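For reference, the structure is listed below as C-alpha cells.
The values are calculated or read from the model by the stated rules, or taken from the named source; none is laboratory data. The structure presented is a predicted model; accordingly, all values stated were derived computationally and were not measured. Counting neighbours? That spans all protein chains shown, and the Cβs are built from the backbone with ideal geometry, glycine included.
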Amino acid sequence: MALLALGLVAGTVTAHVEYVASEGDPVGPLDLWGAVASDPLGLTLIATTVVAAAAAGFAWRRWGERIPDVDVLREVLDGYEDLVPWMIRLSVGVPLVGAGFSGYLLTPALPVELRLLQVLVGFLLLLGLTTRGAALLGLVGWLSVFGVYGPTLFLAGEYTGAFIALILVGPGRPSLDHMLEQVAEDEGTWYHRVDPIHEAGERFRAFVAPARPWAPVAVRLTLGATLAYLGIWEKILDPGPAIALARDLGLPGSISAEAWVVGAGLVELGVGLLLVAGLFTRAASAAAFLVLTVTLFALPNDPVLAHVSLFGLASVVFTWGVGPLSLDRSMQTGDG
C-alpha cells in the first residue's frame, strides 16, 4: 500500500516538470537530501516504499509463475503483435503533428519552429506511407538537432527508439504501405506494372530482418532511459522547479515538498531502470502508464499532447514484452 500511495501521489510531480512549473529557488542535491533527512515522516514513507517494491519483486519471482491468469494474459498480448507497429506509429505520429503546429520541437521545453519536418514525418507515420523512410527521416532529424540543443532533447528521447523500431519492423497494418504492397504483389493489377518501390522494399526487409527481434529492445531502452533521466535531472540534480510545483499543488503539508520530489524522482528512476534492465518489464511499463495518468489529472496546466508518446510507448512495451538481452529472459520471470 505504501508503494501504491507514493507512486500515485508522486505522479503529480513527475514527468516533464520543466514546462509545467515555475522556476523556483535554486536547490542543490545536498540541500534536497538534507531537507528530506530532517522530515522523519517523508523519509519513512520513502524507505517503506523501497522495501515494499523489493518485497513485491521477490514475491513475484517466487510465486508469480504459478498464477494461471498471467499465462493467459501473455498469450493474449502475443496475439496483438501484428498491431504493435500501428501502436508505435500512433504514439509518435500524433505528438509530432501536434508539436509542429504548436510551435515547439518535440518537447515544449524547446519552443523552436520546425513545422514542416515534424508535420511531414507525423502524417506519413499516421498514414503508414513510406513508413521506414519517414522513421529514418525522423531519427536523422532528432540526431541532427541534438547537436544544437543537446541534453534538453533527452526529454524526448523515447522518439529515437520508436523510429528505430519502425525502421526494423515496418508499418504493420492497417497502413497504406501494407495496402499498396498487397496490390503490388498481384501480377494482374495495373499498380504491379508501375510500382517503383515494391522490390526495393523486399530487399530492405531482408536486409534488416536479422535485427528485427531487437525492435522491442530499442523502444524499451529509450523509454526507460528517458524516464530515468527525468527522475535524475529534473528531480534529484535540479529539484528547484519540482519543489515549487509540489508546493503550488498543495501536496499534504505533513510531508515536505522535498520528500515528495525525492519520492517522485525515485519512482521515475526506478521504473526507468527496470525498463532499461528488462526486469519486471510489463509491470514497470504498467507502472509508468499509471504514474503518467495521475500526472495528467493532477496538473491543470499539463501539456497532454507532449506526453502522448510516453503513454503510447509504455503501452507498446506492455504489449510487446521485453525482447532479447534482458534480465526477464535470463531469469525467466515471465514478464517478457
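Scanning for something in contact with a His (Cβ under 9 Å, 6 or more places away or on another chain), in a helix (DSSP H, G or I) and in the same structural domain as Val92 (by TED's automatic domain parsing), does segment 133-154 turn up at least one residue? No, because not a single residue in segment 133-154 is in contact with a His (Cβ under 9 Å, 6 or more places away or on another chain), in a helix (DSSP H, G or I) and in the same structural domain as Val92 (by TED's automatic domain parsing).
Go over the candidates Glu181, Glu234 one by one and state the one that is assigned to a helix (DSSP H, G or I), surrounded by 14 or more Cβ atoms within 10 Å (Cβ to Cβ) and assigned by TED's automatic domain parsing to the domain that holds Val267.
Glu234
Give me the pairs: first residue in segment 139-152 and more than 15 Å from Leu120 (Cβ to Cβ), second residue of a type in the set (A, V, I, L, M, F, W, C) and assigned to a helix (DSSP H, G or I), beta-carbon distance under 6 Å, and six or more apart or on different chains, which are they? Pairs that qualify, where the first residue is more than 15 Å from Leu120 (Cβ to Cβ) and the partner is of a type in the set (A, V, I, L, M, F, W, C) and assigned to a helix (DSSP H, G or I), are Phe146/Leu153.
Restricting attention to segment 144-161, does a residue exist that is more than 19 Å from the chain's Cα centre (by Cα) and among the aliphatic types (A, V, I, L, M)? Yes - at least one qualifying residue is present in segment 144-161.
Taking the conditions exactly as written (assigned to a loop (DSSP other than H, G, I, E, B) and either at pLDDT 85 or above or within 20 Å of Val92 (Cα to Cα) (or both)), does Pro300 satisfy them or not? Reasoning before the result, please.
Values: assigned to a loop (DSSP other than H, G, I, E, B): yes; either at pLDDT 85 or above or within 20 Å of Val92 (Cα to Cα) (or both): no.
So Pro300 does not fit the description; no.
Among the residues in segment 89-105, are any closer than 16 Å to Val169 by Cα, of a type in the set (Val, Ile, Thr), surrounded by 14 or more Cβ atoms within 10 Å (Cβ to Cβ) and free of Cβ contacts under 8 Å to residues at least 60 places away in the same chain? No, there is no match, as no residue in segment 89-105 is closer than 16 Å to Val169 by Cα, of a type in the set (Val, Ile, Thr), surrounded by 14 or more Cβ atoms within 10 Å (Cβ to Cβ) and free of Cβ contacts under 8 Å to residues at least 60 places away in the same chain.
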